[in-house]
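A.B. asks: I'd like to ask you about the structure that follows.
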Amino acid sequence: MLEIDELEIEKVNQIALNAYKPQWRKLLALSSAVIFSIFVFATRFGLKNSWTSSHPLPILMVTIATLIVVYIGSMLILNLITNIWILHHILKRELERKEFNVNPLHPDRCGGLRSLSDYALKTAYLAAVLGMMVSLIVYQFITRGTGQNYWFIYLIIPIDILLSIVCFFGPLLAAHRGMRKAKEELLREIARQFQADYSQIHASLTGDAETLKQGTEKIKNLRAFYSLTDKFPVWPFDIQTFRRFLLTISAHVFLPVIGILQKLIPLLLKK
């Protein structure tokens, strides 16, 4: 047993090493940081009533800070996605090797996988931090009236929302497939038993009334058992966790919506 465990650990380590060995993450993060910094540097001159556009030195400071923050944030997100891929791959391997038992009455209300859903939620929180940074930049463009000149900046918001969705559902996907497969197998097993008992009762319609009554009661219980099993969860998170995830999604659009309202309300009051 020890040799098997060590072999599995070695395989898991190899998966992680293969995932982190390529250097494309650093190059992609650096490229993103440089492109975004150039964009910030070019647009700072067009911002009105901002201390960062009053002198070349503040603009340079903001540009350097943007380069550092975007690089760190990009590396964080890329490493996060890599970790999600590793976790998904490991869970997929384990679910293929072992039988997955659904535990719908587990106290954590997540089928016994609360730790996995908590991890997924935390990854979504990290993605939301990047989304809030982007939304703050968009808010500045909206409130200073330069949003129409740089409309393409708005495209980053749906990309960040998609990233949050991937960060949340990515770690849960393998577990979801395992839970769904286990549930379907249970339902098929109950359905086969129901069909067998129903056929037996149908064949003995002219037989003893007590036997017919017992058989009818059994298939009623099987039908109720099928309905109960059909309610088993197939995602390892509860409603409360999903609500928190939706709040992280709203963080991407909160500031831009506030900026739009600040622009629209004075126009509506003038009418």
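A.B. asks: For region 33-79, how many residues are within 19 Å of residue 141 (Cβ to Cβ), at pLDDT 75 or above and among the polar types (S, T, N, Q)?
C.D. replies: 3
A.B. asks: Scan region 234-271 for residues that are aliphatic (A, V, I, L, M), within 28 Å of residue 166 (Cα to Cα) and in a helix (DSSP H, G or I) and jot them down.
C.D. replies: Residues satisfying the conditions are 239, 246, 247, 249, 251, 253, 255, 257, 258, 260.
A.B. asks: Name every residue in region 226-271 that is touching a helix residue (DSSP H, G or I) at 6+ places or on another chain (Cβ under 6 Å) and free of Cβ contacts under 8 Å to residues at least 40 places away in the same chain, in order of residue number.
C.D. replies: Across region 226-271, the qualifying residue is only 226.
A.B. asks: Then there is this: Is there a residue being among the hydroxyl-bearing types (Ser, Thr, Tyr), under 38 Å from the mean Cα position of the chain (by Cα) and at pLDDT 85 or above anywhere in region 198-213?
C.D. replies: Within region 198-213, none of the residues are among the hydroxyl-bearing types (Ser, Thr, Tyr), under 38 Å from the mean Cα position of the chain (by Cα) and at pLDDT 85 or above.
A.B. asks: Further question: With farther than 18 Å from residue 112 by Cα, surrounded by fewer than 16 Cβ atoms within 10 Å (Cβ to Cβ) and at pLDDT below 90 as the only criterion, which of 255, 267 stands out?
C.D. replies: Just one listed residue meets the conditions, 267.
A.B. asks: Being surrounded by 11 or more Cβ atoms within 10 Å (Cβ to Cβ) and assigned to a helix (DSSP H, G or I) is the filter here; which residues of region 197-212 pass it?
C.D. replies: Correct list: 197, 198, 200, 201, 211, 212.
A.B. asks: Any residue in region 188-205 that's without any contact (Cβ under 8 Å) to a residue 24 or more places away in the chain and over 12 Å from residue 225 (Cα atoms): show its pairings with residues that are small (Gly, Ala, Ser) and in a helix (DSSP H, G or I) at Cβ separation under 8 Å, as long as the two are six or more apart or on different chains.
C.D. replies: 200/215; 201/215; 204/215
The values are calculated or read from the model by the stated rules, or taken from the named source; none is laboratory data. Remember, it's a predicted structure, so these values are computed and weren't measured experimentally. Ideal geometry is used to build each Cβ from the backbone, glycine not excepted, and the neighbour counts take in all protein chains shown.
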